[in-house]
1. Take peptides 7-18, 107-118 and line them up by average Cβ neighbours within 10 Å, highest first, as a rough protection proxy.
2. Cβ neighbours within 10 Å, averaged per peptide: list 57-64, 21-28 in order, most packed at the top.
3. Which order do the peptides 34-41, 129-136 take when ranked by the mean count of other beta-carbon atoms within 10 Å per residue, highest first?
4. Once you've got the Cα coordinates, tell me which of Lys32/Lys102; Lys32/Lys136; Lys76/Lys102 are over 19 Å apart.
Amino acid sequence: MEVNLDKLYKDLYIRIPYDPMIKVGGNPNPFKLSNRIKWMLSYGDCKSIEDAFYNCIPYLRSLSTITNKERSELLKLCNIDGIIEENGTISISNINNAISIKHMRKCLGYLNSHHFDLCDLIPIGLAIEAPKDMYKFE
């Protein structure tokens, strides 16, 4: 379990700028990760960021929920030729040239900002499939 929590905490660190919705303990109401961190730092017994992450489960989107608009934006932003989807797995295709680190960072940033589950946390129970209307991107 320690390895899984380490995986979850690393994922949550990366998501801090994108402020995903989370579930904490038995509280049925989702709320933003930033609210949890602020509360824990102000009122909780928080000695490290991991203390703020304790008992947090992020709401993430499966890669299979990518919309046509998101697919188009991703292709343009990341300078890639295509996106291949197989069994819920998305692969990036770039036939003409290698993908630069700069474009790969943009691609990962975009996917994280749209709250996609890039570390397969949903299947192992460390994340919850986000309801369709939880995250809206105009």
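1. Working: 7-18: 15.8, 107-118: 17.8.
Top to bottom by mean Cβ count within 10 Å: 107-118, 7-18.
2. Values: 57-64: 19.6, 21-28: 13.8.
Ranked from most to least packed, the peptides come out as 57-64, 21-28.
3. Ranked by mean Cβ neighbours within 10 Å, highest first: 34-41, 129-136.
4. Pairs exceeding 19 Å: Lys32/Lys102.
Each value in this text was obtained by applying a stated rule to the coordinates, not by laboratory testing. Computed from a predicted structure; not experimentally measured. All Cβ positions, even for glycine, are placed from backbone atoms using ideal geometry, and neighbour counts span all protein chains on display.
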